[in-house]
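A short write-up of the structure that comes next.
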Amino acid sequence: MEYFAKFTRHIAAPRKAQAEGATQLAKFEKAWKTIQSICYYQSKWHGMSVDKTPLPAQLVVMFDLLVQEDIQQSDSDDSTTGACMEYLLGNNILDELVKLAERDQPMGVRGVVISNLSTFVSLTDDKLLVQKAVHNPILELLRSYSAHRAAAAASGVAQSVASLFSTHQHIYDDDFVDLMYAICSK
């Protein structure tokens with residue numbers, strides 16, 4: 001009889017985990033929809049600093065949920081992917097975030113995306129980096145950054161304009177170094 005009691009306890013536990021996963025997924029989707037709304041549909045944010053928008057907080061919510069989910073998966077020795085991670089991978093959210101970072105609209109979103117990606121890469125399982133939906137966007141971000149740096153160095157633009165562009169680019173140098181360090185440490 002005791003055997004059946006243990007068995008029923010194990011059956012009931014996944015329902016609670018599924019409910020928690022559904023709640024996390026709902027929060028994740030809400031944060032993503034808010035980011036899309038800010039960056040694509042609400043022109044009132046264009047030209048503003050990213051600090052004056054709810055974008056950084058929403059990105060933190062998304063990446064925190066992903067990291068929490070990854071930690072829960074690794075603690076339970078579960079090899080499946082969580083609901084938030086499936087949503088991220090299935091909807092190419094990292095591709096969209098990289099496109100936002102390349103445009104840098106609202107101004108400063110590039111730094112916010114890069115710093116959140118760097119934290120995400122350093123805190124999640126290293127097996128995640130081999131996923132095409134994670135690897136390709138990060139590689140594209142690194143290529144884009146290198147291309148911008150090379151274009152600024154090789155352009156024949158007037159010195160004052162070149163120095164402004166160069167200064168704007170250097171704002172994100174530390175964030176890129178952190179991202180590359182996180183990738184290399186995996």
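Please report, in debye to the nearest 20, how large the charge dipole of region 64-127 is about its Cα centre when each Lys and Arg carries +1 at its beta carbon and each Asp and Glu carries -1 there. That gives region 64-127 a dipole magnitude of about 420 debye. Near A182, once Lys and Arg are set to +1 and Asp and Glu to -1 for all other residues with Cβ below 11 Å from its Cβ, the sum equals -2. Partners of K30 within straight-line reach, counting aspartates and glutamates whose Cα lies under 19 Å from its Cα and excluding those fewer than 8 residues away in the same chain: E20, D64, E69, E86, D95, E96. Close amide-amide hydrogen proximity is noted between M107 and G47, M48, V50, each under 5 Å apart and 5 or more residues distant or on a separate chain (H modeled in the peptide plane; Pro and chain starts excluded).
We did not get these values from a lab; they are worked out from the coordinates using the rules stated. As the structure is a prediction and not an experimental result, all values here were calculated from the model. Here the Cβ is made from the backbone with ideal geometry for all residues, glycine too, and neighbour counts use every protein chain on show.
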